[in-house]
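Shown next, in structure tokens, is the structure this report addresses.
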Amino acid sequence: MSGHALSRRGVLASGVAFTVLNLSSGGRFSTALAAAEDDRIVAAAKPLGGAEIKGMIWSNYYAPMTPAMEEFKKLTGIGVASIQDISIFDAPQRAMAEAMSRSPQFDFFHIDSNMIPSLASAGLLEPLDAYMKTADFKIDAVGDYAGFMSYKGATYGIPTDGNVHVHFLRKDLVENPDNQKRFEDKHGQKLAFPQTWEDDLRIQQFFNDPDKDLFGSGSLRNRANGATWWYMMFYSAGGFPFDDEMNPTLDNEAGNYAVDIYLQEKKSAHPESAGWGTPQMIPRIVSGKVASCQYWDGTIRGCEDKNKSPTAGKWLYGLVPGSEKSGKRLNRSISSPLAAVLVNKYSPRKAQAAYLALWWATLKNSTPIVSDKVNTFNDAWHKGHMTAPSVVENYTPAGIKAVESNLQVVCPPIYLTGYLEFQDALAKNLSEAYVGQLPSKDVLKKTEEEWKAIVRRTGRAKLKEELASYKAVMPKRDTPATLRCILLLYAADGAPVLPSLPAIL
């Protein structure tokens, strides 16, 4: 039973108002609780005294975070004096340089949380659990998403961004009766939202029409981002990159399945897409020159912008395709990069920076951050975002439901020290295979050999200790859980009337 599907008409007609509380999401329905969350952070931070802190953060993310920071400064005297405006894709290398020098220059880093193992093991990061305990704060994220902030049992990051992959499908194309008949005649099955990667390939190839500048696929295959898609296919086939001894486990049935699906998509991709990133692909998606793809969820907001998008209302959004290769259906989305605030252990203002990070992540403060209509880099992640009117308006009810579903089965890329090295080796080999410079059969063999060298350089024993943290952030569900809801009824005098749980579950 979904909160989005409930009708108000019956209860309102009898003078009773209602609120939906999602049990599986732990959703809050009281603004007083949200206010108390903010008050506790202020109470914890104010005794520290004012501070002008400095951060490393991309201005595209920081712009919608600024109003909340300014309010925090008025309440506590703690504010951001300056930032180093640096892309989230370039920040990891810069942060590693700070770790090597143990520099106190930056009080916080807004960075891909998949860097947490590398930066924490390098000694740069301040654990945040003590600050969270003092303020009685928790990361109230959908599914197991809060785990992406943890490493070896400690919390090192506070998210500002969901940034999960969602499936995009052209509604106007798949609901066209002529297209439906032609597809069923050709494939012997109905044209419907893809359940598996094989379904998606059929749909992409069916609609691929270069003469009309319409390409079946809008997924990225460039070196910088392409591996992100491969992980979804690999994980959904039941794969995991290492065994318990830190031997790479890529060149197997799951890995080769993922390579095959990954390369097959070239049949319906734009011929120049091997070198494209989001600056090229997002405009093509929004303008309707793509039929089907998986993409970062923030793109929904661009597609549904009624003032700018020619395809507003013409998309279906949902769970990314899955695979039955493992013997059961697995759906696995991906979050990379996942932007989060990490605090510098060497900063003399680390406590002030930690409480500011918590402040940005409360329901009250994070909601306008992820629903900003101009700066759309921070995406929904909090349980409360899934029903917040301003967020739902931006993503549409169907869009935010797709975000919530994918967040329940989201995975990281390699969540270990050396993440950038592992990622670069895989991405290079996939990219070379995609453009025909490397035989597909050699992609995983070569990657495994390169990964073995990375394991040796980083330290096998060290990485074996980190495996538990990696496995802990993997989703616990095969597919998204069915969300259970209860109806909180309010009589005309405002008194709550709670039905018995057995009657409604």
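The table below lists the values:
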read-out: Surface accessible to a 1.4 Å probe, per residue, for the residues of the chain, Å²; value: 40
read-out: Sequence-separation-based contact order of the range 259-325, relative, with Cα cut under 8 Å and 6+ spacing, percent; value: 21
read-out: By average C-beta atoms within 10 angstrom, highest first, the peptides 397-407, 159-169, 118-128; value: 159-169, 397-407, 118-128
read-out: Relative contact order, percent, the range 317-434 [alpha-carbon distance under 8 Å, six or more residues apart]; value: 31
read-out: Dimensions (Å) - the range 79-212, Cα atoms, principal axes, largest first; value: 65, 35, 28
read-out: Radius, Kirkwood style, for the chain when every pair of distinct Cα atoms is counted (Å); value: 23.8
read-out: DSSP beta bridge pairing in the chain, given as percent antiparallel to the nearest 5; value: 70
read-out: Long pairs among Lys441/Lys462; Lys138/Lys452; Lys73/Lys133, criterion Cα-Cα beyond 27 Å; value: Lys441/Lys462; Lys138/Lys452
read-out: Dipole of the range 191-296, positive direction: furthest Cα of Gly238, Pro279, Pro248, with charges on the beta-carbon; value: Pro279
read-out: Environment charge at Gly77 (Cβ cut-off 13 Å; Lys +1, Arg +1, Asp -1, Glu -1); value: +1
read-out: Inter-site label distance for Arg182 and Asp424 at 7 Å from Cα along Cβ, in nm; value: 4.6
read-out: Carbon and sulfur %, accessible surface of the range 272-406 computed with the full protein complex present, 1.4 Å; value: 55
read-out: Under 25 Å, Cα to Cα: Lys pairs in the range 251-369, sequence gap 8 or more or different chains; value: 11
read-out: The chain, relative contact order in percent, only Cα pairs under 8 angstrom and at least six apart counted; value: 26
read-out: Per-residue ³J(HN,Hα) for the range 360-374, Karplus 6.51 cos²θ - 1.76 cosθ + 1.60, θ = phi - 60°, Hz, x for Gly and Pro; value: 5, 9, 6, 4, 4, 8, 6, 4, x, 5, 8, 10, 4, 7, 9
read-out: Highest average packing first - 74-82, 337-345, Cβ atoms within 10 Å; value: 337-345, 74-82
read-out: Extension reserve of the Asn307-Glu393 stretch, reckoned as 0.36 nm per residue once the Cα distance is removed; value: 29.6 nm
read-out: Spatial separation of Cα centroids for the range 305-374 and the range 377-411, in angstrom; value: 9
read-out: Cα shape, the range 207-350, gyration tensor, a/c 1.5 rule; value: oblate
read-out: Nearest-0.05 FRET efficiency for Gln93 and Val42, computed from C-beta distance (R0 35 Å); value: 0.50
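The values are calculated or read from the model by the stated rules, or taken from the named source; none is laboratory data. Keep in mind it's a predicted model, so treat the numbers as computed, not measured. Glycine gets a Cβ as well: all are built from the backbone with ideal geometry, and neighbour counts include every protein chain shown. Accessible surface is based on the protein model in full, side chains and every heavy atom, while ligands, DNA and RNA are left aside. Shrake-Rupley method; radii C 1.70, N 1.55, O 1.52, S 1.80 Å.
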